[in-house]
Amino acid sequence: MSKSAGCCQKCVEYLFYYETPKTLVIPNIGVGCVFRFTQLLVVITLLSVTTKVKGFAFTNTSDMDPRFWDVADYVIPPQGDRSFFVLTNMVVTPKQSQSRCPEFPSQSTTCVDDCDCIEGHSDPRGSGIQTGLCVNYSSTVQTCEVLSWCPLEIDTMLPEHALLATAENFTVLIKNSVTYPKFNFHGRNILPHINSSYLKRCEFNRATDPDCPIFRLKHIVSEAGEDFQDMAVKGGILGIIIDWSCDLDWWAGKCYPKYSFRRLDNKNPVNNVAPGYNFRFAKYYKTADGEETRTLIKAYGIRFDVIVFGTAGKFGIVPTIVNLGAALSFLSLVPVVTDWFMLTCMRKRDLYNKQKVSSLSEDSESMSMGTTYGTQ
Ligand SMILES: *[C@@H]1O[C@H](CO)[C@@H](O)[C@H](O)[C@H]1NC(C)=O
């Protein structure tokens, strides 16, 4: 009982009693400290990324003719770059021609007679240039007529289920190479041990095929914590992150890329205004009698951005010594801070100060109790 109490007492003393050397303050001592850090870090300065998507789809819906889709139809633009877009849903407005039609009804476009419409007026949020006429939009509503590509697109009729649902099974091959010029290191995400027959049949899987550079789109989206079919309706932006951070020392093993996936756009904007990712494009035709028409497509889909980053490091004796020195000099700051606290903030600071600090005057023979603060 008493033995353990004594032990405990020792522990408390060891843990909480602060020992500090007594300092003799002698005037005219100057001390300088220089801390210097260097870090041997080199960021990738040279890299290249190319992508190639594969897969087919067949759609047969009420508002469009049955249609077969290949990569040239659903990847826009077609060249495989650091960023690629896969079309998953759309609003199609066929057979538009340059003509006149009634504007959609809104507070500023409904009219009673021609006086309410201004010829030549164009509202950037409207659909065209007003002709100055007030015409029937429906049997009950009149709106200003506009010169535009008519009939106008009604983009509120977006299919509730993604048109190209099959896009979840498309795959993408990502080719990426990086260089750390300082260490003369060249890396490629198609690793040296991958042969072409493996590349033909493999698919990335963190557990079974972590080195395969071919990714199923559904797998990418689900690793980012999203549901492909959900995201495909209104579109979105997904980051494919390739991390080449490596220790290039010979004992550290090979330098391989690490893949991760993250959704980059805001899935649920606070006010739910303008979610997703979409843009418009058109295909132009000439009819037999020479009239120009176009098919307008408002395309919704997922844009995949390949983001490559990394820092590489290598052991060097000089930076190691410098870092060690810096670490040790930080340790030596601990008593300085503690002493400062003890001598300025504690209630009994005057007593501690008297006991701790003696001042030696060089031209007096006897020591006097000083009040100067000193450390170490
Ligand atoms: C994708 O492929 C899987 C298995 O091959 C199949 O079960 C699934 O129905 C396909 N997805 C679509 C949307 O066709």
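Looking at Thr143, Thr109, which one is in contact with an Asp or Glu (Cβ under 6 Å, 6 or more places away or on another chain), more than 16 Å from the ligand (Cβ to nearest atom) and in contact (Cβ under 8 Å) with a residue 40 or more places away in the chain?
Exactly one of Thr143, Thr109 is in contact with an Asp or Glu (Cβ under 6 Å, 6 or more places away or on another chain), more than 16 Å from the ligand (Cβ to nearest atom) and in contact (Cβ under 8 Å) with a residue 40 or more places away in the chain, namely Thr143.
Please give the number of the condition Gly132 fails out of (1) within 28 Å of the chain's Cα centre (by Cα); (2) at pLDDT 90 or above.
Here Gly132 meets the rest and fails (1).
In the range 151-158, is there at least one residue being assigned by TED's automatic domain parsing to the domain that holds Phe279 and within 16 Å of the ligand (Cβ to nearest atom)?
Checking the range 151-158: not a single residue is assigned by TED's automatic domain parsing to the domain that holds Phe279 and within 16 Å of the ligand (Cβ to nearest atom).
If Arg188 satisfies all but one of (1) more than 16 Å from the ligand (Cβ to nearest atom); (2) under 20 Å from the mean Cα position of the chain (by Cα); (3) under 16 Å from Val306 (Cα atoms), what's the number of the condition it fails?
It is condition (2) that Arg188 fails.
For the range 206-242, what are the residues that are away from the ligand (no atom under 14 Å from the Cβ), in contact with a strand residue (DSSP E or B) (Cβ under 9 Å, 6 or more places away or on another chain) and over 13 Å from Arg262 (Cα atoms)?
Arg206, Pro210, Cys212, Pro213, Ile214, Phe215, Lys234, Gly235 - these are the residues of the range 206-242 that are away from the ligand (no atom under 14 Å from the Cβ), in contact with a strand residue (DSSP E or B) (Cβ under 9 Å, 6 or more places away or on another chain) and over 13 Å from Arg262 (Cα atoms).
Consider Trp251 against the criteria (1) without any contact (Cβ under 8 Å) to a residue 40 or more places away in the chain; (2) at positive phi: it satisfies all of them except one. Which criterion is unmet?
Unmet condition: (2).
Out of Lys175, Lys182, which single residue is modelled with pLDDT under 90, on the phi < 0 side of the Ramachandran plot and assigned by TED's automatic domain parsing to the domain that holds Asn89?
Lys182
For Asp227, which of the numbered conditions (1) under 25 Å from Lys267 (Cα atoms); (2) buried (at least 17 other Cβ atoms within 10 Å of the Cβ) fails to hold?
Against the list (1) under 25 Å from Lys267 (Cα atoms); (2) buried (at least 17 other Cβ atoms within 10 Å of the Cβ), Asp227 comes up short only on (2).
Looking at (1) within 16 Å of the ligand (Cβ to nearest atom); (2) free of Cβ contacts under 8 Å to residues at least 12 places away in the same chain, which is the one condition that is false for Ser196?
Every listed condition holds for Ser196 apart from (1).
Is it the case that some residue within the range 86-102 is at pLDDT below 90 and among the polar types (S, T, N, Q)?
no
Of the numbered conditions (1) of a type in the set (S, T, N, Q); (2) surrounded by fewer than 17 Cβ atoms within 10 Å (Cβ to Cβ); (3) within 20 Å of Ile307 (Cβ to Cβ), Asn176 satisfies every one except a single condition; which is it?
Against the list (1) of a type in the set (S, T, N, Q); (2) surrounded by fewer than 17 Cβ atoms within 10 Å (Cβ to Cβ); (3) within 20 Å of Ile307 (Cβ to Cβ), Asn176 comes up short only on (2).
The values are calculated or read from the model by the stated rules, or taken from the named source; none is laboratory data. Remember, predicted model here, so these are calculated numbers, not experimental data. Ideal geometry is used to build each Cβ from the backbone, glycine not excepted, and the neighbour counts take in all protein chains shown.
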